[in-house]
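What follows is a short report on a single structure.
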Amino acid sequence: MSSATGGTLQDLPKSSIFTSRLPADPAFPTPTSSASARLSKLGPRMVREALFTYATNPTTGERYEVQLKGAGKTPYSRFADGKAALRSSIREFIVSEHLHAIGIPTTRALSLTLLPGDKAVRGRLEPCAIVARMAQSWIRIGTFDLPRSRGDSKRIRVLVDYVCDEVLRLPLEVGHKYEAMYREVVRRNARTVALWQVNGFMNGVLNTDNTSMLGLSLDFGPFAFIDTFDPEYTPNHDDDMLRYLFKNLPTVIWWNLVRLAENVAELFSVPDPDDEEYIKNGVKEEHAEGLVKLQNTFLTEYNQRMAERMGFKTLKESDMDNQFSPVLDLMQKHELNFHHFFRCLAETPIDTLLSCGPEIMLPADTNEEAKKDIHEYLQSYVDRLKADEVDDEQRIKVMKQKNPKFVPKGWVLDEIIERVEKKGERKVLEDVMKLVERPFDGEWEGVEDAERWYGEVPRRKRDMQCSCSS
């Protein structure tokens, strides 16, 4: 749509295409910064590199913010071009829907529009795309960083009230609503990072700006699903400080939540936000005492979900020391594929695990030490199942719904991107989405590449890394 038409967002029918050439809408004045946007004035607005508006589910009444990522420059693009590379758009489209399919809180992808005639410079000249995505809210912990850096207590209060009333929708009888808000944000993020760890997923840039107030997985840059289990692995090749190693993600979430505590502490930890000592010295350690809840929530969620992945009917206090830690140590020691190991447990009867488990789970050229270690662990695992009096047929049925057959590994995503970008294929996207949306199925009719995609990771393509623009 040309700016010469003089139209506004309100004038456009829902089927119209939004572009960066759309003139400003006088009904919704553009603020000078995203932090000063009028949250109480709902309507189409521009944010950094994305145009978004609101939609409401007519059945549930749930409100969603719908964004067009890569739709052109916005007032907050700064030095950026407002474009989204095709490869990063494909990656986000696939991973967000896969996370949803396996039960991890995430933003959703509605559509992927290829723009083969539009190019962006991302180290090289690349084709672009637009991703239509949605979430109940895109507010992040980092949203509070700017007003706090400016000492804007009024704006912090407006943001927190909005999160309490419109995003989290805390009940009126909740008590101290600001403290309740903080504890709810802690609970949600602790649960999400626990699910990441159980499912071998990691976000390679987990800063405050990529940490959702709703505990959603969002802004997928250098993400990955772990291949061979290695807690020292980071998917971000620019992570020189190794901050975002797989093993560090719970601690990183903790650090981000401490920053949130510092940003909003005056609302629930300081009787007088104008107190001179607070203004001079900032937040005290006891103001972040709610973070203890993160560890408790994380461990509770992690243990319960790991028990489900392993087919246990109950959770025993000894499972962390006797089952979860030993199996992860075993995977790391012998460089076993994290996802294949769990799926193999899910598909194999107990008698077969005991009689020839190592042969099923390990490559043919595996050394005798690995076979011995696997056999000893499987004996312990089977004993644990028998202690639960688990019906084996039912166990297999349940475990298949907790351990996906297909996981969108880095090498699969790279192949799909290359086939779309270099070879002009389109059906490959339809094919992979069949696996993404039904990852627990054993078969996907009409998808010729399915068996290869869920099979062994090519040795030279294991533990791939990528950049923030990926």
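The values are calculated or read from the model by the stated rules, or taken from the named source; none is laboratory data. Fair warning: this is a prediction, and the values are worked out from it, not measured in the lab. Glycine gets a Cβ as well: all are built from the backbone with ideal geometry, and neighbour counts include every protein chain shown. These area figures cover heavy atoms from the full protein model, side chains too; ligands, DNA and RNA do not enter into them. Shrake-Rupley method; radii C 1.70, N 1.55, O 1.52, S 1.80 Å.
Could you list all residues from the range 356-375 that are in a helix (DSSP H, G or I), surrounded by 12 or more Cβ atoms within 10 Å (Cβ to Cβ) and either in contact (Cβ under 8 Å) with a residue 24 or more places away in the chain or not aliphatic (A, V, I, L, M) (or both)?
Narrowing the range 356-375 to residues in a helix (DSSP H, G or I): 356-361, 368-375.
Retained after the next criterion (residues that are surrounded by 12 or more Cβ atoms within 10 Å (Cβ to Cβ)): 356-361, 370-371, 373-375.
Residues satisfying the conditions are C356, G357, P358, E359, M361, A370, K371, D373, I374, H375.
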Those residues that are open to solvent by 10 Å² or more (accessible area, probe 1.4 Å) and not charged (D, E, K, R), I need them from the range 376-387; list them, please.
-> Y377, Q379, S380, A387
Could you list all residues from the range 388-420 that are touching a residue at least 60 places away in the same chain (Cβ under 8 Å), open to solvent by 40 Å² or more (accessible area, probe 1.4 Å) and more than 20 Å from the chain's Cα centre (by Cα)?
-> E389, V398
Residues of the range 136-186 being among the hydrophobic types (A, V, I, L, M, F, W, C), open to solvent by 20 Å² or more (accessible area, probe 1.4 Å) and touching a Cys at 6+ places or on another chain (Cβ under 6 Å), which ones?
-> L170
Starting from the range 229-253, keep only residues that are at positive phi, then list their pairs with residues that are in a loop (DSSP other than H, G, I, E, B) and of a type outside the set (A, V, I, L, M) whose Cβ atoms are within a distance under 9 Å, requiring at least 6 positions of separation or different chains.
-> L242/E232; L242/T234
In the range 43-68, the residues that are of a type in the set (D, E) and either closer than 15 Å to S111 by Cα or modelled with pLDDT under 80 (or both) | E49, E65
Can you name the residue in the range 328-351 that is more than 16 Å from K405 (Cα to Cα) and over 26 Å from the mean Cα position of the chain (by Cα) and is also surrounded by the fewest Cβ atoms within 10 Å (Cβ to Cβ) among such residues?
-> D351
Selection from the range 58-101 of residues that are in contact with a strand residue (DSSP E or B) (Cβ under 8 Å, 6 or more places away or on another chain), open to solvent by 40 Å² or more (accessible area, probe 1.4 Å) and assigned to a loop (DSSP other than H, G, I, E, B) = E62, P75, D81, K83
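Could you count how many residues in the range 341-352 are in a helix (DSSP H, G or I) and closer than 18 Å to E308 by Cβ?
Selection size over the range 341-352: 8.
Only one of these is aliphatic (A, V, I, L, M), modelled with pLDDT of 95 or more, closer than 30 Å to K119 by Cα and not in a loop (DSSP other than H, G, I, E, B): L378, L413. Name it.
On the way: L378 fails: closer than 30 Å to K119 by Cα.
When all the criteria are applied, what remains is L413.
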Scope the range 427-453; condition free of Cβ contacts under 8 Å to residues at least 24 places away in the same chain, open to solvent by 70 Å² or more (accessible area, probe 1.4 Å) and not in a helix (DSSP H, G or I); matching residues | E443, E445, E448
Give me a count of the residues in the range 218-254 that are crowded, with 23+ Cβ neighbours inside 10 Å and among the small types (G, A, S).
-> 1
What number of residues within the range 348-385 are farther than 11 Å from L330 by Cβ and among the aromatic types (F, W, Y)?
-> 0
Of those in the range 196-234 that are in a helix (DSSP H, G or I) and touching a strand residue (DSSP E or B) at 6+ places or on another chain (Cβ under 8 Å), the residue nearest to P250 (Cα to Cα) is W196
Kindly indicate whether M320 is surrounded by fewer than 20 Cβ atoms within 10 Å (Cβ to Cβ), among the hydrophobic types (A, V, I, L, M, F, W, C) and within 23 Å of E232 (Cα to Cα).
-> yes
